[in-house]
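Read through the structure below, which is laid out as structure tokens, and then see the notes.
Please treat every number below as a calculation from the coordinates, not as lab data. Because the structure is predicted, anything quoted here is derived from the model rather than measured. Every residue, glycine among them, receives a Cβ derived from its backbone with ideal geometry; neighbour counts consider all protein chains shown.
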């Protein structure tokens, strides 16, 4: 069954993508939850018209995201954490702390747009986080975890 996504879904696609998925997945999960609509002929026409109207606005937002990415490129963060004598952190460093550190540097970025990878940060050291500013613009930000 062909569907049009109404929002970004991890491991499936981005908003406004037209995809082919299994019928049961679409009818029982995606459409009732409001994540997608069935891609009928009229829905596709409306979708294409909306995309044309939105293209200009999208380009402006993308350029702004690229400007922020250029400013973020050289930024290096320092995050303090309580540690044991062996250098292990009590708890872990998470995206909230990185978002706060970015806010102190003058960048207003939502914590949901920051990805630390699969491993939890539980030791003092240097790490990298990926900041998603736009669907096409991602920046790696280096940060150092220090003992307080």
Checklist outcome for this item: Longest principal axis of the chain (C-alpha) makes with the long axis of helix 95-104 (C-alpha) an angle, in degrees to the nearest 10, of 80
Next on the checklist: Within the stretch 45-80, list the residues whose amide N lies under 17 Å from a label point set 7 Å along Cα→Cβ of residue 148.
Outcome noted: 78-80
Checklist entry - What spacing in nm lies between the two simple spin-label points modelled at residue 53 and residue 10, each 7 Å away from Cα in the Cβ direction? => result 3.3
Checklist entry - Using a ≥ b ≥ c from the Cα gyration tensor of the stretch 72-147 (square roots of the eigenvalues), is it rounded, prolate or oblate, where a/c under 1.5 gives rounded and otherwise the larger of a/b and b/c decides, a/b for prolate? => result prolate
Checklist entry - Which of 92, 78, 42 moves most in a GNM of the chain, Cα contacts under 10 Å? => result 42
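With the contact rule set at Cα under 8 Å and sequence spacing of 6 or more, what percent relative contact order holds for the chain?
Relative contact order for the chain comes out at 20 percent.
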Next on the checklist: Springs between alpha-carbon pairs under 10 angstrom, Gaussian network model over the chain: which of 46, 89, 121 fluctuates most?
Outcome noted: 46
Checklist entry - If you take the beta carbon distance between residue 28 and residue 103 as r and set R0 to 41 Å, what does 1/(1 + (r/R0)^6) give as a FRET efficiency, to the nearest 0.05? => result 0.50
Checklist outcome for this item: The helix 41-72 Cα axis meets the longest alpha-carbon principal axis of the chain at an angle in degrees, between 0 and 90 and rounded to 10, of 20
Checklist entry - So for the chain, Kirkwood radius off the Cα pairs, Stokes-Einstein at 20 °C and 1.002 mPa s: how many µm² s⁻¹? => result 119
Checklist outcome for this item: Kirkwood-based Rg/Rh on the Cα set of the stretch 2-69 evaluates to 1.06
